[in-house]
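Comments concern the structure below.
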Amino acid sequence: MKNFKSKSLHTSALWQRCWRSFLPLVLVSFMTLMTSCSDDDDNNNDLPMLKGVISSYNEFGAAMLDFTEADMMEAGFTLGDVISITVDDKEIVMPYYDGYYTRNGEYLCVAYPTYPSICFTANNIGLPKELTGLEGHDVIVRMKEKGGKLDVQTALSMKYTNERSEYNFSDAEFANARAVRAGKIASGVLYRSSSPFCNDINRAFYVSEYMEKEQVKTVLNLADTKEKMLTYDMPPYSCTLWEGGNVILCQLKADPTADDYNKRLIEALKELPNRPAPYLVNCMEGKDRTGYVSALLEGLCGATYEEIVADYLTTYYNYYHIDPENDKPLCNTLVSLRLNTCLLYYSGINNEAQLPDVDYKKAFSSYLLSHGMSQQQLDALVRALTNE
């Protein structure tokens, strides 16, 4: 027992000495860990963040926030960043752009040049029901990836001027006005342009003169309601067509996958053959909505993918001097994000690689027939466009 007690005391003393030596190391390690965690918190706190509220919703279903692009910049956000927006504990990750540079239905935060403040939405379709009616609700914007979508922002943030003197080509090109000749569309039957009614981009009078020269008889207007039309100081020939009842109003959002889009468009296309040709299709710039409807009519009349793409990109030459031969990467991005989304839906496929091989006459006929157009109405539309 004596020896055992002596050994026990010796062991206890040894542990006490070891613990005294080990304790400072434990404390140092603990303090290092706490400092590291504190540094991580500090780093997270250093990430840009901005708090505000939803102030209203615009006519396109986007949530307008109570801060501006300047506020975003001051907080550390720049165009092309990937951010998150949190509303009522729901966090949505999205890119931050100065235009609608995502595919239809994809979320984005927008500092649009003509908007009074920042907004966020699902491109061309508006926000889902659970994110509507939340005026006054708190919003938190956080950084997710600095410059994560800068390549898209750079490629698509093209600016054009409304000054005629800065364009060294024809009045028609300045107005983005031209004949549509793809497929079997007859010469002098179908035209497209920017708005001949609203002069916000300083092109309406040029379009009106172009329509008069080409003797356009019927306009398919994809931008305006009757109420809007009554507020415009229209050019003379545009006013003549409007007052003569020769304008089909078919206000659309630029989302061909939306039920409302299809319903409105089909009804307008049913009416078109009952009106006198030549026809002109317009929206505000004559770019997306006009581009989608023109593509549909071109494909219906037998146009190839290459013809449809060439006509679509002509708009970007007219506004931005982008040349499909010299600016191929940019043009490919434009076509992929804009035009192909539309063609995929009209064609009923989901693989972009298949688009050059689609029989567009067959595919687009099926689209129209499945969305409420009768075979008789379809045939009448094709005859009106092709004179066959």
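The values are calculated or read from the model by the stated rules, or taken from the named source; none is laboratory data. Being a predicted model, the structure only gives us computed values, none of them experimental. Positions of Cβ are generated from backbone atoms using ideal geometry, with glycine treated the same way; all protein chains shown enter the neighbour counts. These area figures cover heavy atoms from the full protein model, side chains too; ligands, DNA and RNA do not enter into them. Shrake-Rupley method; radii C 1.70, N 1.55, O 1.52, S 1.80 Å.
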Quiz item: How big is the Kirkwood radius of the range 188-236, worked out from every pair of different alpha carbons and given in Å to one decimal?
Solution: 11.3
Exercise. With both partners inside the chain, how many of the DSSP beta bridges are antiparallel, as a percent to the nearest 5?
Key: 70
Quiz item: Going highest first, how would you order 325-331, 244-250, 122-128 by mean Cβ packing within 10 Å?
Solution: 122-128, 244-250, 325-331
Quiz item: How much area per residue is accessible in the range 151-301 when the probe is 1.4 Å and only protein heavy atoms are counted (Å²)?
Solution: 40
Exercise. Would you kindly calculate the translational diffusion coefficient of the range 82-161, applying Stokes-Einstein with the Kirkwood radius from alpha carbon pairs, for 25 °C and a viscosity of 0.890 mPa s, and quote it in µm² s⁻¹ without decimals?
Key: 184
Quiz item: Can you list residues whose amide H is under 5 Å from V53's amide H, if they're 5+ apart or on another chain and H is modeled 1.01 Å from N?
Solution: D66, V139
Quiz prompt | Accessible-area order (highest first, 1.4 angstrom probe) of the listed residues S366, S187 | solution = S187, S366
Quiz item: Using the C-alpha atoms of the range 99-142, what convex hull volume per residue, in cubic angstrom, is computed?
Solution: 97
Quiz prompt | Distance in nm between pseudo-label sites at D66 and E91 (7 Å out along the Cβ direction from Cα) | solution = 2.4
Practice problem: Just round it to a whole percent: the fraction of Cα-Cα distances in the range 129-229 exceeding 16 Å. | Solution: 72
Self-check item: Angle in degrees between helix 2-46 and the longest Cα principal axis of the chain, rounded to the nearest 10
Solution: 20
Exercise. Would you mind calculating the gained length between E388 and S56 on full extension (0.36 nm times residue separation, minus the Cα-Cα distance), in nm to one decimal?
Key: 114.4 nm
Self-check item: Probe 1.4 Å - accessible area at Y112, Å² to nearest ten
Solution: 80
Quiz item: What nm value, rounded to one decimal, do you get for the distance between L47 and K184 when each label is placed 7 Å out toward the C-beta?
Solution: 5.8
Quiz item: Pairing the Cα long axis of helix 360-370 with the longest principal axis of the chain, what angle in degrees results, from 0 to 90 and rounded to the nearest 10?
Solution: 80
Practice problem: Please give the direction-averaged projected area of the C-alpha convex hull for the range 278-327, in square nanometres with one decimal. | Solution: 3.9
Practice problem: Report in % the part of the accessible area of the range 63-168 that belongs to carbon and sulfur, leaving out ligands and nucleic acids; probe 1.4 Å. | Solution: 49
Quiz item: Which lysines does K287 reach when only Cα atoms under 24 Å apart count, and residues fewer than 8 places away in its own chain are ignored?
Solution: K149, K159, K184, K213, K217, K226, K228, K253, K263, K270, K328, K361
Quiz item: Per residue, how much space in cubic angstrom lies within the convex hull of the C-alpha atoms of the range 57-199?
Solution: 169
Self-check item: Potential lengthening between I140 and R275 on full extension [0.36 nm per residue; Cα-Cα distance subtracted]
Solution: 43.4 nm
Self-check item: Accessible surface of the range 298-357, 1.4 Å probe, proportion on carbon and sulfur as whole %
Solution: 48
Quiz item: Helix 375-386 sits at what angle to the longest principal axis of the chain, using alpha carbons and giving 0 to 90 degrees rounded to 10?
Solution: 70
Quiz item: What's the long-distance tail for the chain, i.e. % of Cα pairs beyond 32 Å?
Solution: 46
Practice problem: Report, as a whole number in µm² per second, the diffusion coefficient that Stokes-Einstein gives for the range 206-272 at 10 °C and 1.306 mPa s using the Kirkwood radius over alpha carbon pairs. | Solution: 123
Quiz item: How much of the accessible area of the range 244-283, in percent, comes from carbon and sulfur atoms when a 1.4 Å probe is used?
Solution: 43
Quiz prompt | Inter-probe distance in nm under a simple model that places probes 7 Å from Cα toward Cβ, at S374 and T161 | solution = 5.4
Quiz item: Between the range 168-234 and the range 48-105, how many Å separate their Cα centres?
Solution: 34
